[in-house]
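Each remark here refers to the structure printed beneath this line.
The values are calculated or read from the model by the stated rules, or taken from the named source; none is laboratory data. Just so we're clear, the structure is a prediction, and the values are computed from it rather than from any experiment. Reconstructed Cβ throughout: ideal geometry from the backbone, glycine too, with neighbour counts over all protein chains shown.
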Amino acid sequence: MSQITLYLDDATQALVDEAAKANGVSKSRWVADIIRTYAAHDWPQDCLALAGHFADFPLQEDAPQSLPADVPRQIF
């Protein structure tokens, strides 16, 4: 098992201490769980369960090739 060193300010350290205690796990376990949750490349199961539930949701290939000039564009 590898080890890492984290440098945290006092406020962040207090958050880790409180969260680990509230969840009944060690600080190492709590941080590892957070890393697994947020670094995962999988979609959450509750999100995957929504697939196919929106029959009228347009697919990219069904979208117009260009938008009229008066339609605001969003960059994601």
Next on the checklist: Looking at (1) modelled with pLDDT under 85; (2) of a type in the set (D, E); (3) under 23 Å from the mean Cα position of the chain (by Cα), which one does D62 not meet, given that it meets all the others?
Outcome noted: (3)
Next on the checklist: Every residue in the stretch 1-21 that is under 23 Å from the mean Cα position of the chain (by Cα) and modelled with pLDDT under 95, please.
Outcome noted: I4, L6
Checklist outcome for this item: In the stretch 30-55, residues that are more than 15 Å from I4 (Cβ to Cβ) and either part of a helix (DSSP H, G or I) or among the acidic types (D, E) (or both) total 7
